[in-house]
Protein chains: 2
Amino acid sequence: MEKEYIRVFAPATVANMVCGFDVLGFALDEPGDEVVIRRVKKPGVSLASITGDGGKLPREAARNTVSAGVVAFLEHIGRTDVGVEIELHKRMPIGSGLGSSAASTVGGLFAINALLGNPLPRRALLPFAMQGEELACGHGHADNVAPALLGGITLIRGYDPLDVVALPAPPGLHASVVFPHVDVPTRDARQMIRAKVALKDAVTQWGNIAGLVAGLFTDDHALIGRSMHDVLIEPTRAILIPEFHEMRRLAMAAGAIGFGISGSGPSVFAFAHDAENAAAITSTIQAHLTEQGIGSNGYVSRINRKGPRELSA
Amino acid sequence: MEKEYIRVFAPATVANMVCGFDVLGFALDEPGDEVVIRRVKKPGVSLASITGDGGKLPREAARNTVSAGVVAFLEHIGRTDVGVEIELHKRMPIGSGLGSSAASTVGGLFAINALLGNPLPRRALLPFAMQGEELACGHGHADNVAPALLGGITLIRGYDPLDVVALPAPPGLHASVVFPHVDVPTRDARQMIRAKVALKDAVTQWGNIAGLVAGLFTDDHALIGRSMHDVLIEPTRAILIPEFHEMRRLAMAAGAIGFGISGSGPSVFAFAHDAENAAAITSTIQAHLTEQGIGSNGYVSRINRKGPRELSA
């Protein structure tokens with residue numbers, strides 16, 4: 001059934017999950033973006049308003065991922081007769097390493113698809129979401145958009161063809177997430193990574209990702225923790241994140257299962273055994289950053305199993 | 001309870017499993033080695049006889065892995081009072097890439113432990129088995145000895161400390177294994193591998209191993225098959241194996257789930273949906289090798305879930 005109006009929430013995501021660079025990610029219950037789509041008479045897509053972005057995001061419909069995705073979607077399904085205006089309410093920080101552009105893109109696509117009575121199955125929205133990432137970040141990776149769209153923990157097994165595998169999210173697992181207010185542009189963080197790596201380090205890495213996947217299937221927190229090590233990417237990216245090693249020390253001392261960088265940073269995350277544990281980790285890390293004169297946002301979340309959801313009008 | 005005599009079977013193993021270089025392996029129901037241990041009065045370990053090796057293996061107890069492992073085990077548990085003589089009956093080809101030395105080492109250790117009433121739990125035999133691999137191959141890897149000792153499919157998540165994870169073996173999964181009679185020394189096969197690899201290839205590889213592990217947990221043959229690709233090691237090792245690409249083509253055309261090199265070769269293996277399918281793949285590949293004037297051994301086996309077992313006297 002088609003609608004006149006829809007308001008949706010799309011989740012922030014944590015990509016990489018320490019040992020799964022470019023292939024693993026999971027969705028959070030919070031933070032995330034809110035996208036409103038309203039029908040208008042005139043065919044075409046316009047961006048009515050953006051709030052919460054501090055004026056950082058493009059206002060032009062063709063250049064903002066939330067609207068560019070909707071345009072591509074409408075063209076694909078042959079519904080260029082449809083007229084909509086979009087409101088994007090950023091309820092999460094930009095440039096944080098928490099999949100901000102993915103949340104906006106996925107929110108827009110989920111909303112337009114639902115507004116038109118879901119002409120496409122949810123997985124079919126993924127290629128449009130990847131185009132949105134290309135627009136926002138310069139590379140069309142799926143490690144944020146896949147969990148943002150599908151929820152849970154996702155593995156991008158491969159890109160040619162795109163093969164997204166849903167992994168189980170152990171019920172007790174909670175995430176502690178902290179965004180320290182320092183700038184780490186995604187492009188710079190990617191460029192610092194070496195193009196060649198030692199085979200022995202790659203072997204260590206794939207032993208760990210295999211262990212992590214096994215730990216998720218068996219709900220084995222200890223195995224998940226033993227597997228959450230990154231010998232290849234983190235040593236380089238951590239240089240750009242002040243207090244990274246102290247944050248890790250504090251998280252692990254507070255009982256974290258594992259700790260690492262979210263996406264390309266500067267946000268960090270930890271897996272915790274329960275909500276209380278996750279809250280303690282978040283507040284310990286934030287208190288330390290405050291002492292160092294660094295502002296931060298802190299979150300405590302389960303793994304979001306549903307992905308985007310419709311909000312009441 | 002201690003015994004005077006024991007006869008055991010220890011299985012051949014397929015290491016790497018295509019996308020899990022140095023970390024994955026599984027045990028076969030056949031072929032394998034047979035080890036007999038018999039008490040004698042005089043303390044110490046002697047190698048009474050070796051059959052089936054064509055005179056290739058060292059006859060000196062300190063230099064053969066089957067006996068060297070038993071010596072190390074007896075020293076470790078403080079039973080240098082024990083006197084045994086060992087018979088090793090090779091029931092599998094040597095230098096085949098099927099874990100021949102691992103089968104002998106594991107057979108000896110399983111047998112001596114059982115002879116003495118199992119003073120050590122089975123997993124505690126693993127370090128001794130790795131010493132055996134060091135003696136036989138010049139490197140103490142666990143990717144053959146872990147599945148030979150523990151059965152099933154094993155992941156070596158890491159070595160420091162040693163972390164072996166048992167992965168589920170889907171019930172229907174059968175292996176087709178062919179050993180073409182060509183020489184590919186393990187040391188040479190290892191030396192051909194580049195020490196540095198492209199990060200993007202490593203990412204492809206760890207997407208695949210994560211997919212393979214997920215496929216094993218979900219009994220998803222299609223996902224297992226999509227994940228059985230190796231962009232890093234196989235392209236180099238395949239050069240040493242005549243007819244490799246044609247064997248793959250034949251296996252896949254015969255309905256294989258996936259195909260690749262066993263260990264460092266020259267043996268190849270395929271996963272198949274059932275015993276009949278595995279038998280067809282083995283005979284198709286062997287027929288092709290025969291046409292090319294290359295002799296071979298062929299096997300059809302389930303995944304061996306138990307590892308070594310005691311045989312009746």
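One quarter of the surface of the convex hull around the alpha-carbon atoms of segment A:135-280 equals 9.3 nm², the direction-averaged projected area.
Given a Förster radius of 35 Å and the C-beta distance between A:I94 and A:S283 as r, what FRET efficiency does 1/(1 + (r/R0)^6) yield to the nearest 0.05? Before the final figure, lay out each step's value.
Details: r = 24 Å, r/R0 = 0.68.
About 0.90, to the nearest 0.05.
The relative contact order of segment A:52-185 comes to 21 percent, based on Cα pairs under 8 Å that sit 6 or more residues apart.
Each residue, A:H181 and B:A166, gets one label point 7 Å from its Cα in the Cβ direction; the gap between the two is 5.3 nm. To the nearest ten degrees, helix A:275-291 and the longest principal axis of the Cα atoms of chain A are 80 degrees apart.
Given the C-alpha atoms of chain B, compute the convex hull and give its volume per residue in Å³.
Values: hull volume 39.1 nm³, N = 313.
Roughly 125 Å³ of hull volume per residue.
If you average the C-alpha positions of segment B:36-91 and of segment B:219-247 separately, how far apart do those two centres end up, in angstrom? Comparing the Cα centres of segment B:36-91 and segment B:219-247, I get a distance of 37 Å. What is the log10 of I(q)/I(0) for segment B:23-135, computed with the Debye formula using one identical point scatterer on each Cα and no solvent, at q = 0.15 Å⁻¹? The computed values of log10 I(q)/I(0) come out as -0.59. Taken along its three principal axes, the alpha carbon spread of segment A:233-313 comes to 42, 26, 24 Å, from the longest extent down to the shortest.
Compute the helix-to-body angle for B:65-76: its Cα long axis versus the longest principal axis of chain B, expressed 0 to 90° and rounded to tens. The two axes meet at around 50 degrees.
Restricting to DSSP H runs of at least four residues, report the calculated mean residue ellipticity at 222 nm for chain B, -39500 (n - 2.57) per run over all residues, nearest 500 deg cm²/dmol.
Values: 10 runs with 110 residues, N = 313.
After summing the helix terms and dividing by the residues of chain B, the value is -10500 deg cm²/dmol.
Given the options A:D163, A:D33, A:D230, state which has the largest fluctuation in a GNM of chain A using a 10 Å cut-off (strictly under) for Cα springs. Of the options given, A:D163 has the highest mean-square fluctuation. Give me the tail of P(r) for segment A:1-84 as a percent: Cα-Cα pairs with distance above 21 Å. Here the tail beyond 21 Å accounts for 43 percent of pairs. Compute a Gaussian network model of chain A, connecting alpha carbons closer than 10 Å, and tell me which residue from A:G293, A:G132, A:G32 fluctuates the most. Largest GNM mean-square fluctuation: A:G293. Computed over segment A:264-313, relative contact order equals 29 percent, with contacts defined as Cα pairs under 8 Å that lie 6+ residues apart. Taken about its Cα centre, the protein assembly as shown carries a charge dipole of about 20 debye when Lys and Arg each add +1 at the Cβ and Asp and Glu each add -1 at the Cβ.
Compared with the dominant principal axis of the Cα atoms in chain A, helix A:126-137 is inclined by about 70°. Using Cβ point charges alone (K and R +1, D and E -1), the dipole size of chain B about the Cα centre works out to roughly 440 debye. Here the convex hull built on the C-alpha positions of segment B:214-258 has a volume of 72 cubic angstrom per residue. Running a GNM on chain B with Cα contacts under 10 Å, which residue among B:A15, B:A210, B:A114 ends up with the highest mean-square fluctuation? Among B:A15, B:A210, B:A114, the largest mean-square fluctuation in the Gaussian network model of chain B belongs to B:A210. Evaluated at q = 0.09, 0.10, 0.12 Å⁻¹, a Debye calculation over the C-alpha positions of the protein assembly as shown (equal weights, vacuum) places log10 I(q)/I(0) at -0.77, -0.90, -1.13. Normalising the average separation of contacting C-alpha pairs (under 8 angstrom, six or more residues apart) by the number of residues puts the relative contact order of segment B:236-281 at 33 percent.
Count the DSSP beta bridges whose two residues both fall in segment A:1-145, then state the antiparallel fraction as a percent rounded to the nearest 5. Just about 70 percent of them are antiparallel.
Values in this text are rule-based calculations from the coordinates and carry no lab data. Predicted, not measured: the structure shown is a model, and the values here were computed from it. In this analysis, Cβ positions are derived from the backbone assuming ideal geometry, glycine residues included, and neighbour counts consider all displayed protein chains.
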